[in-house]
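**Q** My structure is below; once you've seen it, I'll send some questions.
The values are calculated or read from the model by the stated rules, or taken from the named source; none is laboratory data. Computed from a predicted model, the values in this text were never measured in an experiment. Every residue, glycine among them, receives a Cβ derived from its backbone with ideal geometry; neighbour counts consider all protein chains shown. For the accessible areas, the whole protein counts, side chains as well, though only heavy atoms, and no ligand, DNA or RNA atoms are used. Shrake-Rupley method; radii C 1.70, N 1.55, O 1.52, S 1.80 Å.
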Amino acid sequence: MRPCHCLGKLLFVAGFFVLCVLMLTSWQTPNSDKLPLQLNSVYERLLRAEQHGEVISQELLKVLGHLQNRSSALSNLSISNSSAILEERVLRRLLPSQPNALIYLPHLKEYEDSLKPIVHLGQRRTGVSLVLGVPTVQRLKQSYLVNTLQSLLYDLSTAERKDIVIVVFVAETNATFVNAVVQSVQTNFPDAVSSGMIEVISPSPHFYPDFSHLKETFGDPKERVRWRTKQNLDYSFLMLYAQLKGTYYLQLEDDIIAKQGFFESMKKYIEQVISEEWLFLEFSQLGFIGKLFRSSDLPMIVEFILMFHKDKPIDWLLDHILWVKVCNPERDSKHCNNEKARLKRTYKPSLFQHVGLHSSLPGKIQNLKDKNFGNQVLFKGHNNNPSAEISTSLETYQSHSLERAYYGQDFFWGLTPKSGDYILITFTKPQAVKGYLFRSGNIETSGDRFYNTTLEVLPANNSVKKKVARRELSCCKPSSDGFVEIGSFKNGVAEGEVDGALEELSAMRLLVHSDSDVWVLLSEFDELRREEKFEPHGKM
């Protein structure tokens, strides 16, 4: 395709995006109590169209740059410099406006691309429902980042893992520390990184201004003023990067834990309020943790933060945005608070809890706890598993028996597995099993997982066993004692479907293939029989 023809089509798409934005700006937020449910669906689609259009806009610039690079290298695909400049100007006019960062951070004018992040890990995933922003900084005492990420990933389904991006922003310019974080994330979460679910970015070395001349306000010492000012810039940088990647943006910290099932809980709540007027949803009541925004609102929010980044901490600024938007100076504070409550919806119980003891502000001990978080769910019980005899070679810890876990009454906790250890589930009568889910570890002991462990089944039909032995079934491979290997634990979870060619099963077995350094905990057993439905959760 010739560059000019390609650009013409791209401009047409951009024009369509502008039309979508105009429709959105003229749309008045519907009242779900008065309008049919169909309008709520239309409104949600328009929100997605706006987000999709923003992503397309960025892709247009990338394609244009690619075309211009090719034009300079390949004479037969060249276009004149004057037309290229004109076309880029036209595209930029079509793009959504960005916060005027250079006005509030004038030092950035001296360095080209100073607002451009350095992407260390990731696959540039876009078009997801939810972007989770996790800023992290160098702490003098202890890092909580790995535990935070493990908590966020712990019980996400396959579909949910495809519908989020976790952006870890290393808010430092010390190359040694940045590289250490990058290596830690790559080592601990290789699959999440390779799939594009986790990204790690850092700022340009020139992003931060000189903090030595900040004005001390509200009785805060100079070090605290510097800390809160830098924190405002960190949030702003992260939001700017995340805004085009998904429909919603969730602000987190690097020292939190998530409640089991947080993604599904958030999804359901968003669906309830999708058509209503709000600026953010609050899934934790501590500081800036757990605040969810529409990505389309982030440019306005970032502009406000940057405008006053030297004056007040982030949670105060967020409250001031609400005041500016809805409070009438001629009315009393009660009226103002009621109006602000319409734009700030609080979900209970809280889905995120602060766990860090040592603050990122040196010397500060932070015992903050969200009283609405409640207790963690340490296992997910399924009382519909088929009747079976359960046995294991693993030594059970206290009363956390395998049988109680299988029937949904507790989790199983066993001492350190060795090569050859097993868990055997022998059905009382053969079962037509469609799918399976075995989850090891739980939200509090996520490291107690099965490693190098396979899932095997025993077909009840001898003719099926013979087919497997002759390698006639592509679904699986033979193991020992007539068992057939059909899966393995990955990131602590064994999940999948059972090929119908195996027919009914007499037993299932977990088989350990190497010695472990940790104990093992099974927090979920779910064997889905043929008549039950086995499908992943949908998108937001």
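**Q** Find the accessible area per residue for the range 367-472; the probe is 1.4 Å, ligands and nucleic acids are left out, and the unit is Å².
**A** Accessible surface, normalised per residue, equals 50 Å².
**Q** Roughly how many percent of the accessible protein surface of the range 413-521 is carbon and sulfur, given a 1.4 Å probe and a whole-percent answer?
**A** In the range 413-521, the share of accessible area belonging to carbon and sulfur is 44 percent.
**Q** To continue, here is another question. Tell me the per residue accessible area of the range 172-301 using a 1.4 Å probe; a whole number in Å² is fine.
**A** That works out to 34 Å² for each residue.
**Q** Provide the FRET efficiency to the nearest 0.05 for the residue 474-residue 426 pair, computing r from the beta carbons and using R0 = 25 Å.
**A** For R0 = 25 Å, the calculated efficiency reads 0.40.
**Q** Multiplying the sequence separation of residue 344 and residue 268 by 0.36 nm and subtracting their Cα-Cα distance, what value in nm do you get?
**A** Between residue 344 and residue 268, full extension yields 25.7 nm more.
**Q** Set Lys and Arg Cβ to +1 and Asp and Glu Cβ to -1, take the dipole of the range 208-319 about its Cα centre, and tell me which of 292, 208, 316 lies farthest positive.
**A** Projecting each Cα onto the dipole axis, the largest value belongs to 208.
**Q** Taking the Cα centre of the range 386-537 as origin and charging only Cβ (+1 Lys, Arg; -1 Asp, Glu), how large is the dipole, in debye to the nearest 20?
**A** Charge dipole, the range 386-537, about its Cα centre: 580 debye, nearest 20.
**Q** Could you check the simple spin-label distance between residue 323 and residue 416, using points 7 Å along Cα→Cβ, in nm with one decimal?
**A** Computed distance between label sites residue 323 and residue 416 equals 5.8 nm.
**Q** What percentage of the solvent-accessible surface of the range 216-268, computed with a 1.4 Å probe over protein heavy atoms, is contributed by carbon and sulfur atoms?
**A** 51
**Q** Starting from the Cα of residue 315, step 7 Å along the direction of its Cβ; do the same at residue 188; then give the gap between the two resulting points in nm.
**A** 2.5
**Q** On to the next question. Hey, with R₀ at 35 Å, roughly what FRET efficiency would residue 337 and residue 375 work out to, going by the Cβ-Cβ distance, to 0.05?
**A** 0.70
**Q** Compute the FRET efficiency between residue 466 and residue 159 as 1/(1 + (r/R0)^6), taking r as their Cβ-Cβ distance and R0 = 30 Å, and round to the nearest 0.05.
**A** Calculated transfer efficiency: 0.25.
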